[in-house]
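The values are calculated or read from the model by the stated rules, or taken from the named source; none is laboratory data. Keep in mind the model is a prediction, meaning the values are calculated, not measured. Virtual Cβ from ideal backbone geometry, glycine too; neighbours counted across all protein chains shown. When the accessible area is computed, the model is the full protein with side chains, heavy atoms only, and any ligands, DNA or RNA have been set aside. Shrake-Rupley method; radii C 1.70, N 1.55, O 1.52, S 1.80 Å.
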Amino acid sequence: MTATLSSRSASVSGKSGRVASFRWRCTFLLGSALGLAAAPFAQAQRFLDLPVKSQRAVTSQRIALTDIKIDYHRPLVAGRKVWGGLVPYGDVWRAGADENTTIEFSSAVTVEGKPLPKGTYGLHMIPTADSWTVIFNKVTTGWGSFSYKEAEDALRVTVKPVPSETREALQFDFDDLKPTSTAVTMKWEKLAVPFQVAVSDETTTLENVRAQMLGVLGFTWDGWNSAANFCLERKTNLEEALTWIEKSIAAEERSENVDTKAKILKALNRTADANAAAARSLEISTPPQLYFKGRGMQGEGKHPEALEIFKLVAKKHPQTIYGHLALARLASSAGDHATASKEAKVAQGLSTSDAQKKAIQTLIDKAEKKEDINK
């Protein structure tokens, strides 16, 4: 039995396999000497933790809110013929050395477009000269692929290997990283084997948000506001987003969350309610909130709407920095550059921040050159 196991280990995983066989034989001989020859094979786990040639590595990547983690051992080429030699074509291979290579997904994903549930899987591969089968197996505790059973597969996909720069040690990388996908790539010798992993950003994030809001964030205005804004930005789940923003306002009414409510109502085509919420947001805004709301509208190309906001800032807060800055922008828009410069200088005199003074000086310089400070 020992000879058979040793031969099989060496034929598939080389030196790393012989380490496993050597450990097993040592344990077996020790058990025999102590009269424990009939002890379970689990006794083989009782060996010294010593350095191995195929060193362990763990790599991870987050896409959206999904974490991917790969735990594997890194065999070396060491002058050997790898593909079609050390790793035979057509055989199931552990995608590494020693124990199972495992891959873990913190939420459901798709691999090469096929669904795979949340969980940890034993990662195996079947190489051929022109295509590879990537296997996600439900068993994660095996040694290599010796105990692998196809009936326990959760998913199989077929991918194409591609040439790669030489790598002495096997490695897994996350390539072609995008907001909701990545190419998980096994690289060794002069070959790379990528497979695409993707997540549903909306579905996964909404599930995660709901779970987060059960905790301390559920008692904060900004937690619910952020959750509602996620839906608003993607124009999805708006009815639930409306309930979330009501919870935000209940925790603390602020210009920010009332403004979010107005935008959600507008997206739901509830115009009258949206207008009422927008008016309430303006009513409770602080001077800087109002002023920068106007600046935000300018950034969106809504110049007439921005001017109306600046008029409101100047009316409600005339003696503040932001009131004078609003007057400067209104004057500049009307072509009155002298008044624009004058009002900007008053605002600069009220400022206690060097950075803010510098920013206002830029406006003054433009006004004195008779340039529109709104552009």
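Looking at the range 113-131 only, could you name the residues that are of a type in the set (S, T, N, Q) and assigned to a strand (DSSP E or B)?
Thr120
Name the one entry in Leu214, Leu268, Leu191, Leu232 that is touching a Pro at 6+ places or on another chain (Cβ under 6 Å), hydrophobic (A, V, I, L, M, F, W, C) and over 20 Å from Val109 (Cα atoms).
Only one candidate passes the filter, namely Leu191.
Can you name the number of the only condition in (1) at pLDDT 95 or above; (2) of a type in the set (A, V, I, L, M, F, W, C); (3) open to solvent by 50 Å² or more (accessible area, probe 1.4 Å) that Met125 fails?
(3)
Regarding Ala306, is this residue closer than 25 Å to Gly223 by Cβ and either open to solvent by less than 80 Å² (accessible area, probe 1.4 Å) or assigned to a loop (DSSP other than H, G, I, E, B) (or both)?
Against the criterion (closer than 25 Å to Gly223 by Cβ and either open to solvent by less than 80 Å² (accessible area, probe 1.4 Å) or assigned to a loop (DSSP other than H, G, I, E, B) (or both)), Ala306 does not qualify.
Can you name the residue in the range 114-169 that is under 28 Å from the mean Cα position of the chain (by Cα) and of a type in the set (Asp, Glu) and is also farthest from Thr102 (Cα to Cα) among such residues?
In this case the residue turns out to be Glu165.
Only residues that are modelled with pLDDT of 90 or more and touching a Ser or Thr at 6+ places or on another chain (Cβ under 6 Å): list them for the range 198-220, please.
Hits for the range 198-220 are Ala198, Val199.
Which one is modelled with the highest pLDDT among residues in the range 272-303 that are assigned to a helix (DSSP H, G or I) and acidic (Asp, Glu)?
Asp273
Of the residues Ala340, Ala326, Ala359, Ala355, which single one is in a helix (DSSP H, G or I) and open to solvent by 70 Å² or more (accessible area, probe 1.4 Å)?
Sole residue among the options that is in a helix (DSSP H, G or I) and open to solvent by 70 Å² or more (accessible area, probe 1.4 Å): Ala355.
Only one residue in Thr120, Thr140 is in contact with a strand residue (DSSP E or B) (Cβ under 7 Å, 6 or more places away or on another chain), free of Cβ contacts under 8 Å to residues at least 24 places away in the same chain and closer than 24 Å to Gln171 by Cβ, so which one is that?
The match here is Thr120.
Do you know which of the residues in the range 83-106 that are touching a Pro at 6+ places or on another chain (Cβ under 9 Å) and buried (at least 16 other Cβ atoms within 10 Å of the Cβ) is modelled with the lowest pLDDT?
The extreme case among them is Asp98.
List every residue pair whose Cβ atoms lie under 9 Å apart, where the two residues are 6 or more positions apart in sequence or sit on different chains, the first residue falls within the range 49-71 and is within 26 Å of Leu206 (Cα to Cα) and free of Cβ contacts under 8 Å to residues at least 24 places away in the same chain, and the second residue, located anywhere, is open to solvent by 30 Å² or more (accessible area, probe 1.4 Å) and in a loop (DSSP other than H, G, I, E, B).
Arg62/Ser106
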